[in-house]
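Take a look at the structure below.
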Amino acid sequence: MAAGKQMIRQQSGKIINISSTAGSKGNPHQLHYSAAKAGVISLTNNLAYMWAKHNINVNCILPGLIATDELKGYGIIPPDTDDDGNAIPKLELTPNPENVADLALFLASPASDALTGELYPIRAWLKSERFWQY
(Lines give C-alpha, C1' and ligand atoms only; values in the text may rest on other atoms or scores of the structure.)
Protein backbone atom coordinates (compact mmCIF):
# COMPACT_ATOMS: atom_id res chain seq x y z
CA MET A 1 0.00 0.00 0.00
CA ALA A 2 3.03 2.29 0.07
CA ALA A 3 2.53 2.97 -3.64
CA GLY A 4 -1.11 3.86 -2.99
CA LYS A 5 -0.11 6.35 -0.29
CA GLN A 6 2.31 8.03 -2.69
CA MET A 7 -0.34 8.18 -5.42
CA ILE A 8 -2.80 9.78 -2.98
CA ARG A 9 -0.16 12.39 -2.03
CA GLN A 10 0.49 13.22 -5.69
CA GLN A 11 -3.24 13.00 -6.57
CA SER A 12 -2.66 10.72 -9.55
CA GLY A 13 -1.64 7.21 -10.43
CA LYS A 14 -2.42 3.98 -12.22
CA ILE A 15 -2.81 0.55 -10.66
CA ILE A 16 -3.09 -2.50 -12.89
CA ASN A 17 -4.00 -5.71 -11.11
CA ILE A 18 -3.66 -9.14 -12.72
CA SER A 19 -6.32 -11.71 -11.80
CA SER A 20 -7.82 -14.46 -13.97
CA THR A 21 -11.06 -15.30 -15.73
CA ALA A 22 -11.33 -17.99 -13.04
CA GLY A 23 -11.99 -15.20 -10.56
CA SER A 24 -15.13 -14.13 -12.39
CA LYS A 25 -16.44 -17.52 -13.57
CA GLY A 26 -15.15 -19.89 -10.94
CA ASN A 27 -13.52 -23.27 -11.30
CA PRO A 28 -14.79 -26.22 -9.27
CA HIS A 29 -11.47 -28.00 -9.79
CA GLN A 30 -9.46 -25.15 -8.26
CA LEU A 31 -11.69 -23.55 -5.64
CA HIS A 32 -8.77 -21.95 -3.78
CA TYR A 33 -7.36 -20.41 -6.98
CA SER A 34 -10.73 -19.02 -8.11
CA ALA A 35 -11.41 -17.56 -4.65
CA ALA A 36 -8.02 -15.85 -4.54
CA LYS A 37 -8.50 -14.38 -8.02
CA ALA A 38 -12.01 -13.19 -7.06
CA GLY A 39 -10.36 -11.37 -4.16
CA VAL A 40 -8.12 -9.47 -6.59
CA ILE A 41 -11.22 -8.47 -8.59
CA SER A 42 -12.95 -7.25 -5.42
CA LEU A 43 -9.83 -5.32 -4.41
CA THR A 44 -9.80 -3.67 -7.84
CA ASN A 45 -13.46 -2.63 -7.57
CA ASN A 46 -13.09 -1.26 -4.05
CA LEU A 47 -9.86 0.65 -4.65
CA ALA A 48 -11.27 2.14 -7.86
CA TYR A 49 -14.26 3.43 -5.88
CA MET A 50 -12.23 4.66 -2.90
CA TRP A 51 -9.39 6.30 -4.82
CA ALA A 52 -11.26 7.86 -7.77
CA LYS A 53 -11.42 11.14 -5.83
CA HIS A 54 -7.59 11.11 -5.83
CA ASN A 55 -7.45 10.70 -9.63
CA ILE A 56 -6.09 7.15 -9.31
CA ASN A 57 -7.14 4.64 -11.96
CA VAL A 58 -7.45 1.03 -10.79
CA ASN A 59 -8.14 -1.66 -13.40
CA CYS A 60 -7.69 -5.41 -13.67
CA ILE A 61 -6.55 -7.73 -16.46
CA LEU A 62 -8.10 -11.22 -16.46
CA PRO A 63 -6.04 -13.64 -18.56
CA GLY A 64 -7.87 -16.82 -19.57
CA LEU A 65 -6.43 -20.09 -20.76
CA ILE A 66 -3.54 -20.07 -23.18
CA ALA A 67 -4.20 -22.76 -25.79
CA THR A 68 -0.92 -24.64 -25.64
CA ASP A 69 -0.54 -28.16 -27.03
CA GLU A 70 -0.12 -29.41 -23.46
CA LEU A 71 -3.47 -28.00 -22.32
CA LYS A 72 -5.17 -29.34 -25.44
CA GLY A 73 -3.74 -32.78 -24.62
CA TYR A 74 -5.31 -32.63 -21.17
CA GLY A 75 -8.68 -31.78 -22.72
CA ILE A 76 -8.85 -28.45 -20.93
CA ILE A 77 -9.20 -26.29 -24.04
CA PRO A 78 -12.85 -26.10 -25.09
CA PRO A 79 -13.89 -27.82 -28.33
CA ASP A 80 -14.86 -25.85 -31.42
CA THR A 81 -18.53 -26.82 -30.99
CA ASP A 82 -20.97 -26.91 -28.10
CA ASP A 83 -22.85 -30.00 -26.92
CA ASP A 84 -25.42 -29.53 -29.70
CA GLY A 85 -22.80 -29.29 -32.46
CA ASN A 86 -23.12 -25.52 -32.89
CA ALA A 87 -19.91 -23.63 -33.62
CA ILE A 88 -18.55 -21.64 -30.69
CA PRO A 89 -17.43 -18.16 -31.76
CA LYS A 90 -13.72 -17.71 -31.14
CA LEU A 91 -10.81 -15.73 -32.39
CA GLU A 92 -8.35 -17.46 -34.67
CA LEU A 93 -5.39 -16.27 -32.62
CA THR A 94 -4.17 -17.83 -29.41
CA PRO A 95 -3.84 -15.45 -26.44
CA ASN A 96 -0.22 -15.04 -25.42
CA PRO A 97 1.80 -13.13 -22.80
CA GLU A 98 2.37 -10.27 -25.24
CA ASN A 99 -1.40 -9.65 -25.34
CA VAL A 100 -1.37 -9.16 -21.57
CA ALA A 101 1.67 -6.87 -21.74
CA ASP A 102 0.15 -4.75 -24.53
CA LEU A 103 -3.05 -4.26 -22.55
CA ALA A 104 -1.06 -3.32 -19.44
CA LEU A 105 0.88 -0.74 -21.46
CA PHE A 106 -2.38 0.75 -22.70
CA LEU A 107 -3.83 0.89 -19.17
CA ALA A 108 -0.65 2.61 -17.94
CA SER A 109 -0.83 5.21 -20.72
CA PRO A 110 -2.74 8.52 -20.86
CA ALA A 111 -5.13 6.89 -23.37
CA SER A 112 -6.79 5.11 -20.42
CA ASP A 113 -7.17 8.16 -18.17
CA ALA A 114 -10.99 7.89 -18.22
CA LEU A 115 -11.04 4.17 -17.35
CA THR A 116 -11.23 2.90 -13.78
CA GLY A 117 -12.76 -0.07 -12.01
CA GLU A 118 -12.82 -2.08 -15.22
CA LEU A 119 -12.11 -5.77 -15.78
CA TYR A 120 -10.40 -6.76 -19.03
CA PRO A 121 -10.57 -10.48 -19.89
CA ILE A 122 -8.08 -11.81 -22.44
CA ARG A 123 -9.47 -14.93 -24.05
CA ALA A 124 -10.05 -16.28 -27.54
CA TRP A 125 -13.36 -18.00 -26.80
CA LEU A 126 -16.38 -15.72 -26.71
CA LYS A 127 -18.44 -18.29 -24.80
CA SER A 128 -16.13 -18.16 -21.81
CA GLU A 129 -18.26 -20.16 -19.38
CA ARG A 130 -17.15 -23.32 -21.26
CA PHE A 131 -13.66 -22.95 -19.82
CA TRP A 132 -14.62 -24.77 -16.67
CA GLN A 133 -16.81 -27.54 -18.10
CA TYR A 134 -14.18 -30.25 -18.50
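The table below lists the values:
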quantity: Among the candidates GLU92, GLU70, residue that is assigned to a helix (DSSP H, G or I), at pLDDT 65 or above and over 29 Å from ALA48 (Cβ atoms); calculated: GLU70
quantity: Matching residues in the range 1-42 - criterion: being polar (S, T, N, Q), assigned to a helix (DSSP H, G or I), surrounded by 14 or more Cβ atoms within 10 Å (Cβ to Cβ) and touching a strand residue (DSSP E or B) at 6+ places or on another chain (Cβ under 8 Å); calculated: SER24
quantity: Residue check for ALA2: small (Gly, Ala, Ser), modelled with pLDDT under 90 and over 15 Å from the mean Cα position of the chain (by Cα); calculated: yes
quantity: The range 33-52, residues that are of a type outside the set (Ser, Thr, Tyr) and without any contact (Cβ under 8 Å) to a residue 40 or more places away in the chain; calculated: ALA35, ALA36, LYS37, ALA38, GLY39, VAL40, LEU43, ASN46, MET50
quantity: Residue that is part of a loop (DSSP other than H, G, I, E, B) and modelled with pLDDT of 95 or more, where the choices are LEU115, LEU47; calculated: LEU115
quantity: Top-ranked residue in the range 50-67 [being at pLDDT 95 or above, among the hydrophobic types (A, V, I, L, M, F, W, C) and not in a strand (DSSP E or B); ranked as farthest from LYS14 (Cα to Cα)]; calculated: MET50
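The values are calculated or read from the model by the stated rules, or taken from the named source; none is laboratory data. Bear in mind that the values here come from a model prediction, so they are computed numbers and not experimental data. Cβ sites come from the backbone with ideal geometry, for glycine too, and all protein chains shown count toward neighbours.
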